[in-house]
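Data block below; observations after.
The values are calculated or read from the model by the stated rules, or taken from the named source; none is laboratory data. Values in this document were obtained by computation on a predicted structure and should not be read as measured data. Here Cβ is always computed from backbone atoms with ideal geometry, including for glycine, and neighbour counts include all displayed protein chains.
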Amino acid sequence: MNRCVLIGIAFVLSLPLVAAEPKSPATVTELYADFDPRKDPLDTKLVREWEKDGIVYRTVTFHVGTFKGTPARLAAFYAFPRGAKRVAALLHLHGGGQRAFLHEVEFHARRGYACLSLNWGGREMEGATDGDPNTDWGAVDPTQNNVPGYFSLQPGDKAIDPFDSPRNNNWYVLTLGARRGLTFLEQQPEVDPDKLGVYGHSMGGSLTVYVAGSDRRVRAAAPSVGGSGFRTQPWPLLPQVTLETPIGDVQVFEATLGFESYAPHIAAPLLWLGSTNDFHGIMDDTYRTGALIPHENVRYAFTPHMNHRFTPEFAVTRPLWFDQHLEGNFTFPQTPQTHLSFATMDRVPLFEVRPDSPRDVTEVIVHYSIDPDPRARFWRSADVVKMDDTRWTAALPIPSVDQPLFAFANVVYKVQKTESEPSARPIERFALSSRLHAAAPAEIAAGGVRVTDERDPLIDGFAHGWRDWYTLSADNPHHWELSTRKLADPKWQGHDGQRLSVEVRAEKPNDLVIVLTENVFRPYRGQQKEFVAVVNLAGGQATQTIVLEPRNFLASDGAALSAWKHVDLLSFRAYYERGKTLLGSKTWDGPQPVFTKLWWQAEGVPRPTPFGLR
């Protein structure tokens, strides 16, 4: 060999060895490249087993992985029909502050599925006894005991990497645990490993998107009020909103932990359950994220006016979604086709809806709003006209061309038999939402839209019942709450000098509690604050008129409401708890009151006889 070559080799060999600098994953693919959810043995431990009404229940723990030299284990409930063979299986991921739920696994087992509910948050399991093993994350902590970990890339005592990395984030560790849950399911003898679904609510909905976007074993997914992307990016139509900024490189966070980066990897059919006014699963961003999923098998079901809740016709879509895509015994219609047009004869915006399977349609509802804040906006109900057997239209009169316009439709379908969902009453119909249309002021003005909407002192005549409201515990005789965001809309907003007036009839004497809330989800406008008035209802058959001024509504510090202009929410309630103070009563006497009119009285209109304010 050439002497110079030998000298060169000797020189290279004499150089000190330098370890390659650790590299942080920069994409979703890189983040999970070295993780095989099937590699390590599960080492499943049976804590308890019992059987009831043909359902086998188990409390189990299994191995997730070893982090920083310490093993981590998850606890879970598992249930399946006795004698089941190769059935579809579901992975349930609970929400924040919650725990694994027996009623979830029981509900789906009664429908013929196997179901595993992970206790990722580590709270005590239902029915646990002293000494029962529970979730133990070992050297890491992705639970809510480590809240900063959900938005950080930085190293720390409970983090995996000693440098900034998405592997240090809670969501990464939870996703690994959830994917190991899929491994548990596919290894059970009664489960068909080719029929795995995943679902979850709130933080569980977010985790559902992470799992569906990182594991091809998922054949159907149904997140609810979670997983909406673009969390670090400003809203184009509401730039004053301050969003959370992750600790670490924002671009790396978005590319590895932003839901919008997982959506392009989702191959499974996905149903997104939402609430139009949700604080966590932002409606507008949910649609933006869903648009990135590279197939058409995506559906949406948005309950109007609600925050973090659903009405039964929306909730029931989730089990039906799994019935279609895992069992093949149900068929969903396609997403309703919709069109928003400004080029109309009268220059009033027109919304057209063409539902799939129109013969099964029982109702078409069109909602629209001019509020750029998706958490606080009031969704108006448009007057819908059925043009023929396939097409419905609704005019959308607006008060200004200087505000954006949002519109979508909910199409209600009948089902052949009564269906149910774990947290909702049985029902014989389900609802699907169209895509969301959003038009900026410049687009509206360019379309030549004519302003035709005017202020209306009549807030509600209740001819449509509670259509523009949301109800909580509506069937409970003592704990009901009836709320509307209508006062946030300029059409029904109160003005200085006006008085809030209510016509109501109660069968028995009771105290009616009326709560007004300022700046709901609008920190850019001021602090959220509740103001309360308590009114004595005399009882009997006569309708009682209540007339209220801002000064009649008091906050917990004794301050009175100064004006109507920032009121976003009005609630009628049986009672209101303020610390140790109870306003109203938890034992409402007789049927719920009947409301017949809610309106603004102009100043100078004679006040009726005393209305019982206290």
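Count of segment 269-290 residues, restricted to those that are of a type in the set (A, V, I, L, M), surrounded by fewer than 24 Cβ atoms within 10 Å (Cβ to Cβ) and assigned to a helix (DSSP H, G or I), is 0.
This table checks each residue for (1) assigned to a loop (DSSP other than H, G, I, E, B); (2) among the charged types (D, E, K, R).
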| residue | (1), (2) |
| --- | --- |
| VAL366 | no, no |
| ASP373 | yes, yes |
| ALA376 | yes, no |
| VAL385 | no, no |
| PRO397 | yes, no |
| SER400 | yes, no |
| PHE406 | no, no |
| ALA409 | no, no |
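Here's the yes/no breakdown for (1) assigned to a strand (DSSP E or B); (2) assigned by TED's automatic domain parsing to the domain that holds PRO189; (3) at negative phi:
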residue	(1), (2), (3)
ARG58	yes, yes, yes
VAL64	yes, yes, yes
ALA72	yes, yes, yes
PHE77	yes, yes, yes
GLY83	no, yes, no
GLY95	no, yes, yes
ARG99	no, yes, yes
SER117	yes, yes, yes
GLY122	no, yes, no
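Which residues, taken from segment 520-553, are surrounded by fewer than 18 Cβ atoms within 10 Å (Cβ to Cβ) and either touching a Cys at 6+ places or on another chain (Cβ under 9 Å) or within 26 Å of PHE279 (Cα to Cα) (or both)? Across segment 520-553, the qualifying residues are PRO523, TYR524, ARG525, GLY526, GLN527, GLN528, LYS529.
Being without any contact (Cβ under 8 Å) to a residue 40 or more places away in the chain, outside the structural domain of ALA109 (by TED's automatic domain parsing), out of contact with any Gly (no Cβ under 6 Å at 6 or more places or on another chain) and within 27 Å of LEU570 (Cα to Cα) narrows it down to one residue among ASP383, ASP453, ASP388, ASP373; which is it? Lay out the reasoning, then the answer.
On the way: ASP453 fails: without any contact (Cβ under 8 Å) to a residue 40 or more places away in the chain; ASP388 fails: within 27 Å of LEU570 (Cα to Cα); ASP373 fails: without any contact (Cβ under 8 Å) to a residue 40 or more places away in the chain.
None of the other options fit; the residue is ASP383.
The set of residues from segment 182-206 being outside any strand (DSSP E or B) and in contact with a His (Cβ under 9 Å, 6 or more places away or on another chain) comprises SER202, MET203, GLY204, GLY205, SER206.
Evaluate the following for ILE266: is it surrounded by 21 or more Cβ atoms within 10 Å (Cβ to Cβ) and either charged (D, E, K, R) or not assigned by TED's automatic domain parsing to the domain that holds PRO422 (or both)? Give the steps one after another, and end with the answer.
On the way: surrounded by 21 or more Cβ atoms within 10 Å (Cβ to Cβ): yes; either charged (D, E, K, R) or not assigned by TED's automatic domain parsing to the domain that holds PRO422 (or both): yes.
For ILE266, the condition - surrounded by 21 or more Cβ atoms within 10 Å (Cβ to Cβ) and either charged (D, E, K, R) or not assigned by TED's automatic domain parsing to the domain that holds PRO422 (or both) - is met.
The residues of segment 190-213 that are hydroxyl-bearing (Ser, Thr, Tyr) and touching a Lys or Arg at 6+ places or on another chain (Cβ under 7 Å) amount to a single one, TYR199.
Total residues in segment 520-562 satisfying the condition of being more than 27 Å from the chain's Cα centre (by Cα), more than 21 Å from ASP460 (Cβ to Cβ) and part of a loop (DSSP other than H, G, I, E, B): the figure is 10.
Let me confirm something: among ARG522, ARG467, which residue is in contact with a Lys or Arg (Cβ under 9 Å, 6 or more places away or on another chain), under 30 Å from PHE406 (Cα atoms) and in contact (Cβ under 8 Å) with a residue 24 or more places away in the chain? Spell out the reasoning first.
Working: ARG467 fails: in contact with a Lys or Arg (Cβ under 9 Å, 6 or more places away or on another chain).
Only one candidate passes the filter, namely ARG522.
Scanning segment 213-235 for residues that are part of a loop (DSSP other than H, G, I, E, B) and under 21 Å from LYS195 (Cβ atoms) returns GLY213, SER214, ASP215, ARG216, ARG217.
Going by what's in this entry, would PHE351 be described as over 29 Å from ARG111 (Cβ atoms), crowded, with 20+ Cβ neighbours inside 10 Å, not assigned by TED's automatic domain parsing to the domain that holds TYR210 and not aliphatic (A, V, I, L, M)? So that I can check it myself, show each step before the final result.
On the way: over 29 Å from ARG111 (Cβ atoms): yes; crowded, with 20+ Cβ neighbours inside 10 Å: yes; not assigned by TED's automatic domain parsing to the domain that holds TYR210: yes; not aliphatic (A, V, I, L, M): yes.
The answer is yes for PHE351.
Quick grid of which residues meet (1) in contact with a strand residue (DSSP E or B) (Cβ under 6 Å, 6 or more places away or on another chain); (2) among the β-branched types (Val, Ile, Thr); (3) closer than 15 Å to LEU320 by Cα:
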{"residue": "PHE406", "(1), (2), (3)": "yes, no, no"}
{"residue": "ALA409", "(1), (2), (3)": "yes, no, no"}
{"residue": "VAL412", "(1), (2), (3)": "yes, yes, yes"}
{"residue": "ALA424", "(1), (2), (3)": "no, no, yes"}
{"residue": "ILE427", "(1), (2), (3)": "no, yes, yes"}
{"residue": "ALA431", "(1), (2), (3)": "yes, no, yes"}
{"residue": "HIS437", "(1), (2), (3)": "yes, no, no"}
{"residue": "GLY448", "(1), (2), (3)": "no, no, no"}
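Of all residue pairs spaced 6 or more apart or on separate chains, those with beta-carbon atoms under 9 Å, a first member in segment 86-100 that is among the polar types (S, T, N, Q) and a second member that is assigned to a loop (DSSP other than H, G, I, E, B) are GLN98/GLY121; GLN98/ARG123; GLN98/SER202.
Just to verify a result, which residue in segment 291-338, among those that are buried (at least 22 other Cβ atoms within 10 Å of the Cβ) and of a type in the set (Gly, Ala, Ser), is farthest from PRO355 (Cα to Cα)? Result: ALA315.
Please determine, by comparing only the residues of segment 108-145 that are more than 21 Å from GLY96 (Cβ to Cβ) and not small (Gly, Ala, Ser), which one is nearest to the chain's Cα centre (by Cα). The qualifying residue nearest to the chain's Cα centre (by Cα) is HIS108. Among the residues making up segment 149-159, those that are assigned to a loop (DSSP other than H, G, I, E, B) and either surrounded by 18 or more Cβ atoms within 10 Å (Cβ to Cβ) or of a type in the set (Gly, Ala, Ser) (or both) are LEU153, GLY156, LYS158, ALA159.
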